[in-house]
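Read-outs throughout are calculated quantities, based only on the coordinates presented, and are distinct from any laboratory measurement. In this text, all values refer to a predicted model and were calculated from it rather than measured experimentally. All Cβ positions, glycine included, derive from the backbone under ideal geometry; neighbour counts span all protein chains shown.
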Amino acid sequence: MSGGRLRADPLFQGLARPPMIMGVSYTYFVLNAMITVIMFINTKSFLAFLVGVVIHLFGYLLCMREPRAVELWMLRMRFGFRSWNRRYYHHTNSYDVY
């Protein structure tokens, strides 16, 4: 430690990052590709690919700060919400009770 700051080893940073494609995580790239292809099929217009580029730029800015932002958001959507009827199921979500 020099000056009270931790040094990060570049090898560790490279091994700890998720696989990236064109600056976004692999999961985000696949989701973007699926959305863009579905839009292209439904609209029959090549402007859907322009929308895909805009979505990709948003993901690029998102993944610059936190490479696993999409995975963290998906985890939050899966486990994060509380149901409104928690008091009827002993303070657990109703889908947690089997």
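Side notes on the structure shown:
- With the simple spin-label model, which puts each label point 7 Å out from Cα in the Cβ direction, the TYR60 to VAL30 separation comes to 2.3 nm.
- Peptides 44-53, 9-18 ranked from most to least packed give 44-53, 9-18, packing being the mean of other C-beta atoms within 10 angstrom over each peptide's residues.
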